[in-house]
Every structure is written in structure tokens, then in C-alpha cells.
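The values are calculated or read from the model by the stated rules, or taken from the named source; none is laboratory data. The shown structure was predicted, so the numbers you read here are calculated from the model rather than taken from an experiment. So basically every Cβ, Gly included, is an ideal-geometry build from the backbone, and we count neighbours across all protein chains shown. Note: areas computed on protein heavy atoms with side chains; ligands, DNA, RNA excluded. Shrake-Rupley method; radii C 1.70, N 1.55, O 1.52, S 1.80 Å.
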Amino acid sequence: MSTITLSTPKEALLAKIQEIAPVLQEDAAASAREGVLSVRAQQAVIDSGLLGMCVPIDMGGSGLTGLEWLEVLEEITRVDAHTGWCVMALSSHGGLFSSGLSDDGVAELFGNGVSRVAGMPAPRGKSRRVEGGVLHSGKHGFASGSSMCTHFVAGGIVHGDDGKPIIADNGLPEMLMVIVPREEVKEQGNWDVNGMEATTSIDFELGPDLFVPDHRTLSLNPWKNDFPRGATYWRIGVDALGPAGHTPCALGMAHRALQEIATLAPTRKRIDIQFPTLADQPRFQHDLVKLDAELKSARVGFHHIMAAADAEVAESGGPVAPETAHHIKQQVRVVHDVAVRCADFAYHNGGSTGFRDGHTISRLLRDLHTINTHVVVDPQVLNAAAPTVLQELQAGPATA
């Protein structure tokens, strides 16, 4: 008697990634040149269900946990960096807003399918409370995945009628995220860059004084800790969510870079060295194996702290303690350092093959260095974590 093993939602999505991988990889170079994912790549992603993978099942999504989301995101980014980054942006917003919005907000955004929200919650705009909602004005940036979105999200500092910021109990200004339909947004279309070209991470503008109803707003500060639905992951807090979400993309790109150079090495010959191919060089072998180990170790460290953070939030309700956020960003920075070294290694050893425009190694070099400039993974996060790490180490047993 045989038994039928049904796949989990995570396994189903990983299988779907393999199904659409040929389209994403065939169109990757052209998408980068055109500065937007190809039409068929966009449709493949939308049809795959990846953009709703963190939305609860009863709302049309796959209901993944945050830790499952990190794994799936790493794999889609390994297949294609630009697609993975777009999926990261849109699916994270889907998870956050399906979990945290009011019932009316969820009904509007997810009542008839999963809305696809691009944008940047960073508080670069101004919001003023009025009856039934807020008036928002602002110029915003980095709306990754905007070519596939139905809505935009933007952040703003809440101001009073006197024009001054309203200060919350924690001593910081009150901040809100506002979600608006795409047709109410002024898209700048100015994503002309060298690296991550097809992510369409454009600038956009809202207002002046665009009315956004309360049910399409979510508090950024103070951070909401009574999310009524979805995975505990989204309660971790804004201080850690951004850095953590970028990290599986770095892992996926770095893994792909090592795969590309390992595949190229047995066929790459040079007349000025004593070994038949690059793959036969002891130095290449040594450095490849060392980088592979470093990448795997960095991945384990990152997943370990994210599992600990998820458990902490499940118990406390969230957000995580500042010390936990420091450790998350500590591991995030380590991953990005290793990932950039993987891209540099592949590019250096790829020689005249890897540096040609359109080659995967060439794109990955640009892409990894590009995401490494993001403010949420800046090396200064290690300095911010230093007091926590120092205190923990100093609390250990004294040596003779």
C-alpha cells in the first residue's frame, strides 16, 4: 500500500521556482539592459504565488512563516538576482500588511486577491491626522518591484496642526506608513543605475496633502505589537526587519556567484600558468573551498539568530529587544561581507569570460556591490552593535 506525501506550501513554492527558472534566466540579461523585468518574467512571478507567500492562506496566500520566507527568497534570488529582489520587496509588504492592518484594510487589499505593494516605508514624508485618516505629502524612493505593483507604501512623520512633529512616548516622532493605489502615485521612472537595473526601484511622489484613510495606515513608530494575524516574524520590529529581509538575497546571489565560477573553471584555460585549467590551480581550489565554508557559516549564523528572534517574539509579542536587533544586524553585515567577496572572487577568476556585459558573473558583481551600499546594511551597524557585544563578552569568566 503506497502513501501520498503532500508538499508543504514552502515545498510547493520551491518547486514553482524551478518551473519558472528557465524563463527568468533566459530573460535576465535582456531585463537588466532594459531596466525592467521582461513581461513574461513578470507574469511568471505573479502567477507563481511568490508575491503572496507570506499572506495567510485564508486570504489567498501561502501562509509561510518568516523563516520559511527567508529560505524561499534565497532560492529565487539564486535563480535571478533582480527577480529575487522584487519578490523580497513585494512579498514582505504582503506579509506585513496582511498581518497588521485593520480588518477594513485587509478587506480592501486582500479581499479580492493579493495586492502587490511596492515602495519604501522610510519616513521621508509628512502626515497630518484628519477625520477618518491622514493627509500625506512626500517624495519617496526605492520602490523595488514597482513594475508589478498595484499599490505603493510610503512613510511619514506625523505632524500636528502647528506644523511640528508629534513626539511619541518613546521620545521619537510618531511615524506612519500609508498605502495608496498606484493610480494616485506620481511615478518618477528614474531608475537609471549600474546594478539591480531590472528591479525598477524608482522614486515616487505622493500629494500634496493626499488623503489616506485610517484603514490603509500602519504605525511605524511606535511599532505595532498586537498584529492580529499572520506569522510572528512580522512583529520583530522595523529596526530588524529591513536588514534581515535583504540578507537572503545576498546569500542567494553569493551562492550563484560561486556556482558560476565553479562551472566555468574546468573550461577556463590560460597559457601563462602551469596548470591545464583554472579548476586545477591549487590556489583557486583553496580560495573556493574557503569561501564556500565562509558563506555556509555566515548563513547558519544568520538563520540561528533569526530563529531565536522569532521565538522571542512568539513569547513576548514583539518587537525584539534592542540587543537581539543588534545581533541580527551583526549577522546581516557578516553575510554581506562574505557575499561581496564571493562576487569579487568569481569576477577576478572569470577573466575575459566573466567581465563581458550580460554574463551572469558580471551582473552579480554589480548587483552585490549595489545592494551592499544600502543604508540598512551599512558597516556602521557593527559599531551600533558594539556596546551589546562588548557587554556580553565582558560578562564572561575572567582569565587568570
### Query
Hey, any hits in segment 298-310 for a residue that's in contact (Cβ under 8 Å) with a residue 24 or more places away in the chain and over 19 Å from residue 73 (Cβ atoms)?
no
### segment 362-400, residues that are open to solvent by 70 Å² or more (accessible area, probe 1.4 Å), over 30 Å from residue 33 (Cβ atoms) and either in contact with a Pro (Cβ under 6 Å, 6 or more places away or on another chain) or hydrophobic (A, V, I, L, M, F, W, C) (or both)
382, 390, 393, 395, 398, 400
### Any chance residue 116 is over 17 Å from residue 94 (Cα atoms), in contact (Cβ under 8 Å) with a residue 24 or more places away in the chain and open to solvent by 10 Å² or more (accessible area, probe 1.4 Å)
no
### Query
Just one of 361, 371, 328 is within 24 Å of residue 88 (Cα to Cα), in contact with a Cys (Cβ under 7 Å, 6 or more places away or on another chain) and either of a type in the set (Gly, Ala, Ser) or at pLDDT 95 or above (or both); which is it?
371
### Message
Among the listed residues 23, 55, 36, 45, identify the single one that is in contact (Cβ under 8 Å) with a residue 60 or more places away in the chain and open to solvent by 30 Å² or more (accessible area, probe 1.4 Å).
### Response
36
#### Entry: Residue check, residue 94 within 23 Å of residue 240 (Cα to Cα), open to solvent by less than 30 Å² (accessible area, probe 1.4 Å) and not in a helix (DSSP H, G or I)
no
### Query
Hey, among the residues in segment 100-136 that are more than 20 Å from the chain's Cα centre (by Cα), part of a loop (DSSP other than H, G, I, E, B) and at negative phi, which one's modelled with the lowest pLDDT?
112
### Summary
The residue that is surrounded by the most Cβ atoms within 10 Å (Cβ to Cβ), considering only those in segment 182-200 that are among the charged types (D, E, K, R) and under 20 Å from residue 94 (Cα atoms), is 182
### Query
Where residues in segment 263-272 are out of contact with any Asp or Glu (no Cβ under 9 Å at 6 or more places or on another chain) and modelled with pLDDT of 95 or more, which of them is farthest from residue 84 (Cα to Cα)?
264
### Query
What's the number of the condition residue 63 fails, among (1) in contact with a Leu (Cβ under 9 Å, 6 or more places away or on another chain); (2) farther than 23 Å from residue 256 by Cα; (3) not acidic (Asp, Glu)?
(1)
### Query
Given 337, 357, which one is open to solvent by 50 Å² or more (accessible area, probe 1.4 Å), in a loop (DSSP other than H, G, I, E, B), in contact with a helix residue (DSSP H, G or I) (Cβ under 9 Å, 6 or more places away or on another chain) and not hydroxyl-bearing (Ser, Thr, Tyr)?
357
### Query
Which members of segment 137-152 meet the condition of being hydrophobic (A, V, I, L, M, F, W, C) and part of a loop (DSSP other than H, G, I, E, B)?
149
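Does residue 290 satisfy the criteria of being more than 30 Å from residue 232 (Cα to Cα) and open to solvent by 80 Å² or more (accessible area, probe 1.4 Å)?
Yes, satisfied.
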### Query
Mind checking whether some residue in segment 286-305 is under 19 Å from the mean Cα position of the chain (by Cα), of a type in the set (A, V, I, L, M), part of a helix (DSSP H, G or I) and under 30 Å from residue 224 (Cβ atoms)?
yes
### Task
Sort through 179, 167, 157 and tell me the only one that's modelled with pLDDT of 95 or more and buried (at least 23 other Cβ atoms within 10 Å of the Cβ).
179
### Task
Kindly provide the set of residues from segment 221-246 that are out of contact with any Lys or Arg (no Cβ under 9 Å at 6 or more places or on another chain) and either of a type in the set (S, T, N, Q) or modelled with pLDDT of 95 or more (or both), ordered by number.
221, 232, 245, 246
### Query
Has segment 267-275 got any residue that is in contact (Cβ under 8 Å) with a residue 60 or more places away in the chain, farther than 26 Å from residue 232 by Cβ and in contact with a Leu (Cβ under 7 Å, 6 or more places away or on another chain)?
yes
